Amino acid sequence: RRAAAALAAPLMARPMQTDAAPTEFEALEAVRSAQALHGVRHGDFTRYRRYCSRRTARLLKSLGAQQHGGRGKYVKRGLSGAAGGEEEASEGKVDARQLLVLLANAERAWAYAMEIKGEAQGAPRAVGRHAASRMRRAAAWAAELAKRAAAAVARGIVQRRVALECEAYHRHLAGLAAMEAAAPDWTAALAQFRRARAALAEAEALGGGGDAAQRCRQFAAEMEPSMQFCEYKGGDASGPEPVLTLPGAAPATSPAEDEAAGAPVTLVWRNASHTLEAGAARAAAARAEEAAAALAADADGDSEDEEARMEKWDALLMAYSDAQAAARGAGLEEGLQMCLQGLYLEASIARSEELTAAMLARWEASPECAGKLVTKKDGKAVRQVRMADVVHLLETVSATTRQLAEVARDDQVLGAECVAAEAVCSARRGVCLARAHAAAGRLAEAECLLEFAVENAGRAHQLFERLDESGNMVESAHSRRVRVELQAVDAAARA
């Protein structure tokens, strides 16, 4: 054993040599894919933390930077001592694994903080302090990641867009750390989130409208609830919007937003019109108009184009979300912000209803295969639609309808329309569940559900009749669509 150890010692002390070419590093894509595949979307942060630990160990081993133990004095081996470390970086080379190590460490600390928070309900204060310390540690790892990425940009090794994504990721975690502190500094947290949003806006402009730009928009949209919570808690958002995030960076506006305001955009919602003549909000509203026109031109799309239709809906929703963020950042009038929020929610409802109709059609095509795996002719196993999926979408429509009613609380007509729309959605849910029970031979349950659907449809009819008699009904695409659905679900329930 001593002889084998003596022979192996020189090999263990030597860093692992690798001739792999430097690979492209995508910070947000790496985070999103890892979280989606390893338990975060199910709230299993323990599983994700362990995955990050294993991934860090694998990366360090491939870089030759793991600790080898021994009886001598402990000497920490960082990334600078690994294969592809500072020596290769000085020669104009960089290995994406070096940045992935920092990213995995930041994600591991973040997952640990979220795991502790989930178990801290009613726990002593020390548990909360532990979660806050882990979040600060995650922000420190992210700061090191952003620092290395910015240095690589200065040497022309890494693209500026990648460095901006790392900067946004760092600012996002720094904002979360400020929120989790024992004495939360809401203004500081909001400032960090705003800097992250500015970095994402510039990265989106450099992304060229592809998948990278879409990821930046999604990440910015996910930060909006945290920013709103900071403002609700008293965070000061009166300062100017940050636009420079890296040394020598360009302002965080795309070329389309910097064009001369020669084509103002007019938005109409609830018989109120608002005109945007310039700025980022106008550019986003113009994108929304283009996406809406593309959807209208493809209104009779086949079921084979369902994925393309959903992409167009996502583009429309993202444009409205960008317009809301720009209007809020520029301090535009409250009526315009309400208009943008209402249009966004109505478009979200329309998208969910279209997806519900498509899923229901697929369920009807193969009711005996619901919830099973079948093999398509292209050789891929596809999970069939279950009625529970359709019902879940209808519940999403109901929740979004309630949000729409909260946009303008003083508008009693809008409130009555939303109550009627919720009744229609409940009736549709009853009819769908009744069909599923009837297909399984449970006729008594199906009959009870159909009676429930008829009752809700009758309530919706009464509400619409009162609105028509009052003469205050506002014609909109949403109200027309709800009336059409009401007629269809009432006929189906009674039949």
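Residues being surrounded by 24 or more Cβ atoms within 10 Å (Cβ to Cβ), among the small types (G, A, S) and free of Cβ contacts under 8 Å to residues at least 60 places away in the same chain are entirely absent from the stretch 179-188.
The set of residues in the stretch 394-428 being among the charged types (D, E, K, R), at pLDDT 85 or above and touching a Lys or Arg at 6+ places or on another chain (Cβ under 9 Å) consists of E395, E422. Restricting the stretch 459-482 to residues that are modelled with pLDDT of 85 or more and closer than 21 Å to E353 by Cβ, the residue that is surrounded by the most Cβ atoms within 10 Å (Cβ to Cβ) is A460.
Scanning the stretch 170-189 for residues being under 19 Å from the mean Cα position of the chain (by Cα) and under 24 Å from A323 (Cα atoms) gives a total of 3. Of A57, A113, A89, all but one fail to be surrounded by fewer than 18 Cβ atoms within 10 Å (Cβ to Cβ) and either assigned to a helix (DSSP H, G or I) or modelled with pLDDT of 70 or more (or both); the exception is A57. Scanning the stretch 255-276 finds one or more residues that are at pLDDT 80 or above and among the charged types (D, E, K, R).
The values are calculated or read from the model by the stated rules, or taken from the named source; none is laboratory data. The structure presented is a predicted model; accordingly, all values stated were derived computationally and were not measured. Neighbour counts run over all protein chains shown; Cβ positions are idealised from the backbone, glycine included.
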